[in-house]
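Notes for the one structure printed next.
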Amino acid sequence: MRAAIWLAVLGGFWLFTALAQPLLPWAFDWPKANVMPAAKWISAFTKWLLNDASFGLFTFQELTRWISAIVEAPYRLVTGLLSAGAAEVPPLSWLAVVILAALIGHRVGGIRLALLSGTCFLFVAVFGQWTSAMITLASILIAVPIGVVGGVALGLAAYRWPWVARAITPLLDLMQTIPVFAYLVPILILFGFGPVAAVIATVIYAMPPMTRITQLSLQRIPDELRDLGNMVGCSRRQMTWRVMVPSAKAGLMVGVNQVIMLSLNMVIIASMIGAGGLGFDVLAALRRLDFGAGLEAGFAIVALAIALDRISQAAAQERPVSATARNAYVLAAFVTIGLAGLAATIMPAVQTYPEAWQLSTGTFWSRVVAWINVNYFDVLEATKNALLLNVLIPFKRFLIGLPWAGVALLMGFVGWRLQGARLAVLVTVLVVLIAATGLWDKAMTTVYLCGISVAIAMLIGLPIGVLAAERDSLWRWVRLAIDTLQTLPSFVYLMPAVMLFRVGDFTAMIAVVAYAIAPAIRYTALGLQAVDPRLIEAGRAMGCTNWQILTRIKLRLALPEIMLGVNQTIMFALSMLVITALVGTRDLGQEVYISLTKADSGRGLVAGLAVAFVAIIADRLINAAAARARAGLGLVEGSNGR
């Protein structure tokens, strides 16, 4: 019966698409006279904020400049400490920073973490990325505390007052789905060009996970702890800061970790508005197609990410340390700084890592790409043309030819079947809003590139995840590879793709697949590893073959996690598609990028909202499908239990 309903709906959709164009042309092309001038409204509002908005004693522009000054003061201090120096005092030497990183690692995680964090910073120095890395680290050290404090404050407010949670949830959804390029223009207009604007953009991008995790961690605190706090007479403030926040520390540190990772993910985009550092090095390498130099700067970002990630994870499970030991670490840090500074006056190599000691693999990687291009050009070109002519272009034409009205009705029906009227109304309204802004063709181009890329990523990632879940030794190597893929800057993927395939949709697809494949592998492996071993043993006892156990037990039980993997793969693909506008795509990403080059805040935000709407539609539908799958599995497990 269910299959018959779906066949009837799809048949009706095909019939509508085939017959409606001559009768209902407005269902295919939104009338230009009725296009919503949202871009003009947003641009006019931005100009009003900048030129006319006033709070009486001061204007909105003066407020933004005051915020810039507040952020700039600590940024200059940290930059001077790590990179630039100040008042005839040199910055911390590379040796001092390496030892300090090792000390922090030893404090929170023991000798193994000390060696890892020290080695990561030493790697940055050895490969000649020290100065840029310290500029990037300075931005991170300012953006992360602001993002953490702001996220915790919003999360606390959302936990305490339900109306705040309802108000900020859509805002957080938009902050996480609108491409960063879309709000760079308003930030530039309001805060000016420079590292401060980059820090503010980074905070906006990295704060939502901290807010969500804070709210979730506080909600998961056992009622017994709250009752205990009330019994001992805690005030509201004491209950919050002495009972609830310490109890939620593990979850909050996960949020801190996410803020750090997202801040590092922003360094290249932030370099477009004046951040400098490693992000600027990668961007400059992309502009001159120097894959080796870009990869080395990218690996330096990975090294920083690994060190900061492992330290923040260890801090979430911090070992108890006595006050004496804590003071000893502080004393060791000051002694390290003093001795390194003294040694630097005698031996310049202690202050600045000598150029003669530096290593570089940039030329090697550039030659590898050039060798592939020379020896396998015909194979690569044939593969590219075959996929373009037989898969990409037909699928693109099919999607662009779909009527927006039919798609809105189809998405509404899918939402209704999965979760009822509320989801149906949401996805229908979002589809109509995309069409009403006049961006339907570009949105369908985005959906086409995203859909093809996600399908290929899942076709590659699903088998790898299945194999890795079956073998622990293979999973360790696969996890290392996907961790590296997720910490490499997204721009790094563009360089070899452009050098091998030149610009166009195929190049964009290759870059998106490489960037988005990690969650496809990770969620598949984690879902299969979480299957109850007793169910597998029951299958073997009934005589199931290994193939039957995989397809009829493991994959079915892991389906909710695999669906979440599809969800995350789509989110990664959409975030990467905006960046692939640099290689000539004609989708919403290009619209966002053009708005950045023309400083058109309205155009950029409207295109960014369209990307966000596509992401929200996919997210809500897939989450609803995963919830239904999980509910079905619950019924199956319940019947097995009886």
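Tabulated values for the structure
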quantity	calculated
Helices (runs of 4 or more DSSP H) (entirely within the range 307-423) containing at least 3 residues that are closer than 30 Å to G255 by Cα and either modelled with pLDDT under 85 or of a type outside the set (S, T, N, Q) (or both)	323-346
Hits in the range 504-563 - residues which are within 31 Å of the chain's Cα centre (by Cα), among the small types (G, A, S), buried (at least 16 other Cβ atoms within 10 Å of the Cβ) and more than 12 Å from L462 (Cβ to Cβ)	G504, A508, A511, A514, A516, A518
Of the criteria (1) open to solvent by 60 Å² or more (accessible area, probe 1.4 Å); (2) free of Cβ contacts under 8 Å to residues at least 40 places away in the same chain; (3) among the hydrophobic types (A, V, I, L, M, F, W, C), which one I99 fails	(2)
Pairs where the first residue, in the range 25-52, is without any contact (Cβ under 8 Å) to a residue 60 or more places away in the chain and farther than 18 Å from M444 by Cβ and the second is in a helix (DSSP H, G or I) and open to solvent by 100 Å² or more (accessible area, probe 1.4 Å), C-beta under 9 Å, 6+ apart	none
Single residue of T59, T46, T131, T136 found to be of a type in the set (V, I, T) and closer than 23 Å to L339 by Cβ	T131
Test: L439 is closer than 25 Å to A405 by Cα and either open to solvent by less than 20 Å² (accessible area, probe 1.4 Å) or at pLDDT 85 or above (or both)	yes
Test: G105 is without any contact (Cβ under 8 Å) to a residue 40 or more places away in the chain and crowded, with 20+ Cβ neighbours inside 10 Å	no
Filtered residues of the range 118-132 (kept if modelled with pLDDT of 90 or more and within 23 Å of the chain's Cα centre (by Cα))	C120
Those residues of the range 276-315 which are in contact with a Pro (Cβ under 8 Å, 6 or more places away or on another chain) and open to solvent by 10 Å² or more (accessible area, probe 1.4 Å), in sequence order	G276, F291
Qualifying residue in the range 280-287 (condition: within 20 Å of I579 (Cβ to Cβ), assigned to a loop (DSSP other than H, G, I, E, B), free of Cβ contacts under 8 Å to residues at least 24 places away in the same chain and among the basic types (K, R))	no
Elements of type helices (runs of 4 or more DSSP H) contained in the range 147-248, each with 2 or more residues being within 28 Å of F491 (Cβ to Cβ) and open to solvent by less than 60 Å² (accessible area, probe 1.4 Å)	162-177, 180-191, 195-219
Meets criteria (open to solvent by 10 Å² or more (accessible area, probe 1.4 Å) and farther than 30 Å from V498 by Cα) for V267	no
Residue in the range 475-503 that is farthest from Q568 (Cα to Cα), counting only those that are crowded, with 17+ Cβ neighbours inside 10 Å and either small (G, A, S) or without any contact (Cβ under 8 Å) to a residue 24 or more places away in the chain (or both)	A497
Failed criterion for A349 (all others in (1) under 22 Å from the mean Cα position of the chain (by Cα); (2) open to solvent by 20 Å² or more (accessible area, probe 1.4 Å) hold)	(1)
Residue tally, condition closer than 28 Å to S360 by Cβ, free of Cβ contacts under 8 Å to residues at least 24 places away in the same chain and open to solvent by 30 Å² or more (accessible area, probe 1.4 Å), over the range 108-125	2
Cross-chain or 6+ apart pairs with Cβ under 8 Å, the range 326-354 first and among the hydrophobic types (A, V, I, L, M, F, W, C), then exposed (fewer than 11 other Cβ atoms within 10 Å of the Cβ) and assigned to a helix (DSSP H, G or I)	A349/W357
The range 566-584, subset closer than 22 Å to P519 by Cβ, modelled with pLDDT under 85 and of a type in the set (V, I, T), residue surrounded by the most Cβ atoms within 10 Å (Cβ to Cβ)	T580
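The values are calculated or read from the model by the stated rules, or taken from the named source; none is laboratory data. Just so you know, these numbers come straight off a predicted model, no measurement behind them. Don't worry about glycine lacking a Cβ; one is built from the backbone with ideal geometry, like all the others, and counts go over all protein chains shown. Each accessible area value is taken on the protein alone, full model and side chains, heavy atoms only, with ligands, DNA and RNA left out. Shrake-Rupley method; radii C 1.70, N 1.55, O 1.52, S 1.80 Å.
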